Structures are given as structure tokens and as C-alpha cells.
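Only one structure is covered here, and it is reproduced in the block below.
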Amino acid sequence: MTKTSSKNLLKVEEVSKVLALHPQTIYTMCADNKIPHLKIGQSQRSIRFDAEDINKWLDERKHQVSKPVVLEPILASSVREYDKLFLKRRIPMAGKKGSGHWNYGYGGIYERKTKAGLIRYDIWFYDEHHKIRQEVVKMAVCKKEALVALEYKRREIFKKLYFDEADKEKITFKDYAEKYLKEIKLRALKSRASIELNIRRRFIPFFGNMELSSISTGKVKDYILMRKGVNARGKGTVISNNSLNIELAHLKRIFSVAIEEEEFSVEKNPVKPTLFLKDDRKKRDKVLNSEEEERLLKAASPHLRPIIITALNTGMRKMEIASLQWKNVSLKNRVLVVTAENSKNSKPREIPINTTLLKELKVLKASNGCSKFVFVYEKKKGVVQPVGDFKISWMKAIERSGISNFTFHGLRHTFASRLAEMNVHPFQAQRILGHSSVNMTEWYSHSSREQLLAAVEKVNGDGKSSGLFKESVGNN
């Protein structure tokens, strides 16, 4: 912008005092056309400012930003006096006396020299969570401007700690849980049904009308004690540590999202890592023997029997079996496909069909080949529908068979153990079972005492047992 009028013109030094900026910063803003100015000569520094233009520019800036522009100097004293009051330590930069790092306790300033020989300033400070943050002070040309930026950050964090809380909205756990449920429904989470079940049946009845920010770690402990009660499920059985840990993980995620949103007055997550219980799944090493398998198959209802046979011969999970469709089964090639949509880890896999399962699937194909799903049952005469959740029929079969402490997932466990007994390579078993790592496959597999005996007997050299092991087994 070029004008010849000298009416009410301000110098760079005068404008820098009004804006609390270094003169060099004003020159840079003029070069980038970020502030209205007048050129009065050929030199780049021959610049003046029309007072009316500056006032209009400041008014526009106030309307453009949500926060008012701070025009007055943020430092109440000079840099030298400020350092006398607050400076804790100064580390000079090599080759330049009085420069480097200034530590003020609540934060500090770094002065660094670029490859081009320019001086740049960084500030570090503690945020409202007492974590160290570091930022570059753009356009700062001297320590004073960096110190102004640091002091502004200090005031901003002080305001967040002691004033912003009053502005944040208060909300009950129930209301926020409903809001959280609406958000997860928009995502394609496979666990959203389990999350919604825990929220509606367990979290809301317990935490319901409590203010979200008032829920403490002690309250979460009370929830754990309630869930670990003898009649926690209403059936006289105690919830497992693993199942409770899943609930705690869901609860922890709710609070984490609330903290990230910064809309509500939640500062800390009450679900601490120390509240999670030791995994007790390793105690549940029940696998079926041949006699128990025969009893279970006899006790199973007609529509449940082929499901059990499929689980024992493929190791498929419950929902993988229930959702299996004929289009994913090739009897000719003797292979079935678990799609990514129905797989736990969202990865498809192919499972070979052995002779026992092939025979069973051919019978099913002949009887209900017109159905979309492989496993169906006749709800009413002439009305056939997918099996869905066959929990009731499974529990009745277990009760009739007399097998105790055994779940449907134990069939998968049994299949994995039988693969190990037949010396199937762990990587092959991993592909069939669909585990993300071979470590999980090894966790499922078990070695019988006979297998362990055969292993240690190989050390003898002759491969013959001394009989001592059998005697000890008999005495026990």
C-alpha cells in the first residue's frame, strides 16, 4: 500500500508498543501484507502507518477471532526484573554469552541457532495435567517476545485449572452413557452389542444418576465387589475375572472419551490399571474325552448335534458357526470359509472339511439345502429359521449329559488340544483356528501326562520307560 499523505502517520516503534510486538515482527508483517501500511520511500524500512487504518484493522481482528486481542504488554515488568523474580536457572548457549536456556520453574525458553545462522525461540511449560509441552514461538525475534508467549501460556493454563471448570457442563453418568451409545452405533464395532449390554444392564443401574465427574476410583471398586458377589449373575455363580476385566475395559473407555472431549468436567479416569483382576482363564483347562463327547452328542437336540460336530472338527467359534452360509461351503473342494465379517479378528480364513464333518454336512445339505444358512431349526411346523443364539438348547444338553464346568467354547479348546496331540504344527493350527499369533494357539493346546512321559523318556536313549512314572501315577 503506498500513500503520500502524512496525516496522522505512526512510526514502526509506536505501532510496536501498541501491539506489544518487536519492531522486527512489525516489518515482517508488512512484508507479508498482514497489516495495513504506507511506503514513503524506496527502502524496505521506509514505512509509516495511518492511525485510522490501524484502528479499523484492529476492529476487524476483534470480530474475526473468538478471543480478544491482547494489545497491552502481558509482562507487568521489564525482562530484567522478571528474571530477578522468577528465573531459577540459566544455561548459556555455546559461543554466545547470556543465551541458551532460561528455566523459570513453571516453564522455560530455549534459544537455538539455525543452520542459516538465525536465532529461533522455543518455550516449554507444564500443562493442566502437569505434563511438559514444548512449542515454537513463531516470528519471535528476541527473548522478550518468547517470554510474553510463555507468560500467556501460563495464564491460559491457570484459567483452565481454576476458571474453566465452572463453565464446563455437568452431566450424569446415565445421560453421558446414552450419548456414548449413539456415537458407537455410528461405528462398525463388532463389540458394540456387548458394550451396549454392559452399559444398559450393569453400568447405568449402578452409576445411573451420579454426576460423571464425581465417580471416583472407590466407586469403581464398589462396582467390582458388587459384580464379584456370590449372586452377581442371579444364578448362584461368580463372574470370572476375565469377564469382569472386559466390563472394566468398556467402563474405562467411556471415561477416556469424556476426558478427550473436554466438554464435561472430567479430569481423571477413575478406572485405574491396578483395578483389573488377574486373568483366571488358565484354570479352565477342561477338554472333552471320547466318552464325554459321545454322551454330549446323545444328549443334544437334533438341530444342536451337527453344530457340536462342526465345532469339534473345525474349532470354529460359536457365532462363526451360527452365521455360516451355504455359499461359503464347498463340499466338492472340502473347504469352508469364515468371512471377515463374521471372524473375531476381521480376517477371513479357510478351514478344510474332514471326513466326519463332510458326512454331516451332506446330510444337512439334503435336508435344508434351500435355506441360506447351514444351521437352522424348525420353530413351528413348516417355519425354518437360523439357529441364532442356541444357549438354551446347549445348557439342556450339558445338563442331560452330566458334564460339569464346560462351555461351548470348550469345544474349540478340545479341537485345539487334539491338534496338538496329533503333533500338528503350531503354524498350521494357527491358520485353522484363526489366531492372530501362534502364542494363543499354544495357550489352547494341552499335553497329556502320557505325552509328557513320552517326551522325557526320549532322554533315556533306548526309549523304554523304567515304570517309575506309572507307579507314581497309580499311587496318586
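Summary of computed values
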| quantity | calculated |
| --- | --- |
| DSSP-assigned coil residues among trypsin sites (Lys or Arg not before Pro) in segment 360-425, each with at most 14 further Cβ atoms within 10 Å | LYS372, LYS381 |
| In Hz, Karplus ³J(HN,Hα) per residue of segment 239-253 (6.51, -1.76, 1.60; θ = phi - 60°; x = Gly, Pro) | 5, 6, 4, 5, 5, 5, 5, 5, 4, 5, 5, 5, 5, 4, 5 |
| In segment 365-427, GluC sites (Glu not before Pro) in a DSSP loop with at most 12 other beta-carbon atoms within 10 Å | none |
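Every number here is computed from the coordinates shown, using simple stated rules; none is lab data. Quick caveat: nothing in here was measured; it's all calculated off a predicted structure. Quick reminder, even Gly has a Cβ in these numbers, built from the backbone with ideal geometry, and neighbours come from all protein chains shown.
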